[in-house]
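The values are calculated or read from the model by the stated rules, or taken from the named source; none is laboratory data. All of these numbers come straight from a predicted model, not from anything done at the bench. A quick note on method: Cβ atoms are made from the backbone with ideal geometry, for glycine too, and the neighbour counts reach across all protein chains shown. Quick note on the areas: whole protein, heavy atoms, side chains included, nothing else; ligands and nucleic acids left out. Shrake-Rupley method; radii C 1.70, N 1.55, O 1.52, S 1.80 Å.
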Amino acid sequence: MLAALHHAQVAVPKGAEDISRAYYVGVLGMTELPKPPVLAARGGCWFAAGGLEIHTGVEEPFIPARKAHPAILVTDIDELVAALTAAGHEFTWDLTIPECRRLHTFDPHGNRLEFIQQ
């Protein structure tokens, strides 16, 4: 019955589209997708890479998700580490699952993101 995850949405403050673009496109290398006009009027952005989509949605009052998070599979976690480091974003390695390499970081809005290389 269930097939796949279509997208994960993270909350952002009003007017944060350019900050989101700088991170999701500029740092993570995602592509921005056009939003339908009725949804674009609400603010936020949609981003894609491979079969993954991350949607940012305006939430007021804004509270970042510090615990709940999308877990994103990557093909080269070292390349991601280099991009995060070059852009000045901190991350923390998580060694609790020995079968994979994974790290946690936060987007510029304070939302937690997990990246996994299996």
Subject >> Span from the region 69-117 Cα centroid across to the region 7-46 one, whole angstrom >> reply: 19 Å
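With an 8 Å Cα cut-off and a minimum separation of 6 or more residues, compute the relative contact order for the chain in percent.
Values: 201 pairs, mean separation 31.2, N = 118.
About 26 percent, as a whole number.
Under a 1.4 Å probe, what is the accessible area of the chain per residue, stated in Å²? Could you put the intermediate results ahead of the total?
Values: 7210 Å² over 118 residues.
Counting only protein heavy atoms, the per-residue value for the chain is 61 Å².
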Subject >> Rounded to 10°, Cα long-axis angle of helix 77-86 versus longest principal axis of the chain >> reply: 60 degrees
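Gain in length, T31 to M1, computed as 0.36 nm per residue apart minus the alpha-carbon separation, to one decimal in nm?
Details: separation 30, 0.36 × 30 = 10.80 nm, distance 2.93 nm.
Separation in residues times 0.36 nm, less the Cα-Cα distance, equals 7.9 nm.
Taking R0 as 30 Å, what's the FRET efficiency between V38 and H104 from their Cβ-Cβ distance, rounded to 0.05? Kindly include the intermediate steps, with their values, before the conclusion.
On the way: r = 34 Å, r/R0 = 1.14.
Efficiency, from the Cβ-Cβ distance: 0.30.
With +1 on each Lys and Arg Cβ and -1 on each Asp and Glu Cβ, and nothing else charged, work out how big the dipole of region 2-118 is about its Cα centre, in Debye to the nearest 20.
On the way: 9 positive and 14 negative charges, 64 e Å.
Roughly 300 debye for region 2-118.
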Original post:
Of the accessible area of the chain, with the probe set at 1.4 angstrom, what percent is carbon plus sulfur?
Top reply: 59 percent
